[in-house]
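In what follows, a structure is listed as structure tokens, so that the remarks can point back to it.
The values are calculated or read from the model by the stated rules, or taken from the named source; none is laboratory data. Bear in mind that the values here come from a model prediction, so they are computed numbers and not experimental data. So basically every Cβ, Gly included, is an ideal-geometry build from the backbone, and we count neighbours across all protein chains shown.
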Amino acid sequence: MKRYLYEPILKDLPKKVVLVTGPRQCGKTTLAKQLSEDWDYFYYDFAEDRLALSEMSWNRKKELIIFDELHKSD
């Protein structure tokens with residue numbers, strides 16, 4: 001089941017940045033994972049994703065890159 005914000009966020013993606021915020025456990029990560037089916041997804045809690053983020057080694061040719069839990073970075 002898609003989150004109710006899925007379509008409005010998908011519509012806003014052509015802009016440079018879309019920021020999704022909200023209280024804990026409200027479905028932000030679920031929404032990010034649903035959106036990431038077509039794009040790259042980095043989850044800061046995973047060591048390999050933290051390494052990729054710190055080295056800025058993601059594919060820069062991708063139209064969209066999703067960063068989840070990025071507020072945990074230094």
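With (1) outside any loop (DSSP other than H, G, I, E, B); (2) surrounded by 14 or more Cβ atoms within 10 Å (Cβ to Cβ) as the list, and His71 as the residue in question, which single condition is left unmet? All conditions pass for His71, except number (2).
Consider region 47-67 and keep the residues that are at pLDDT 85 or above and surrounded by 14 or more Cβ atoms within 10 Å (Cβ to Cβ). The one that is nearest to Tyr4 (Cα to Cα) is Asp49. Taking the numbered list (1) in a helix (DSSP H, G or I); (2) touching a residue at least 12 places away in the same chain (Cβ under 8 Å); (3) surrounded by 15 or more Cβ atoms within 10 Å (Cβ to Cβ) in turn, Phe42 passes all entries but (1). If only residues of region 15-33 that are touching a residue at least 12 places away in the same chain (Cβ under 8 Å) and part of a loop (DSSP other than H, G, I, E, B) are counted, the one that is surrounded by the fewest Cβ atoms within 10 Å (Cβ to Cβ) is Gly27.
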